[in-house]
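Coordinate-derived values only; no laboratory data. Remember, it's a predicted structure, so these values are computed and weren't measured experimentally. As a convention, Cβ positions derive from the backbone with ideal geometry for all residues, glycine included, and neighbour counts pool all protein chains shown.
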């Protein structure tokens, strides 16, 4: 393809970051990484409660970020990252054998705190709801407290089993 000044430009097709192909590669790498970590790595530093939350492979397939979540304390997270970094060569080799890519990406493991954050926020919401119920009882606003308790019981699912039994008869 000639350019304005008469020289030739080399046009290369590069996979875009948000393309369908890149999305499929991200999903496949995530699935294979999870399998390798769960079934094949025997390092005692890696927690059995490790999951691969997300993977982002660069468009040139040379690098990859893998977000890892570990159920446990900060110490378990650090040890798991150390174990995964130690097993990097094995993980890349297994990834190359499983997925046929032009390049096997260099993997960088990052801790994902979103699951722990979600659990923490859920606990805080439960504490606030319990405090609100207690405050309503102390104010003498029993109608509001009973109404809130009724709403909480509706989500338990205990009445659903009784309703199913009545429907069958």
Query - Cα-based Rg of the range 20-112 normalised by 2.2 N^0.38 Å, two decimals - result: 1.01
Report task. Evaluate the distance, in nm, between pseudo-label points positioned 7 Å from the Cα of residue 134 and of residue 24 along their respective Cα→Cβ axes. Result -> 5.6
Report task. Place the peptides 74-82, 123-131, 49-57, 20-28 in order of packing, highest mean first, counting for every residue the other Cβ atoms within 10 Å and averaging per peptide. Result -> 49-57, 74-82, 20-28, 123-131
Query raised in the report: Residue separation times 0.36 nm, minus the C-alpha to C-alpha distance between residue 45 and residue 97: what's the value?
Result: 16.3 nm
Requested in this report: Sort 133-139, 86-92, 103-109 for me by packing, meaning the mean count of neighbouring Cβ atoms within 10 Å per residue, highest on top.
Outcome: 103-109, 86-92, 133-139
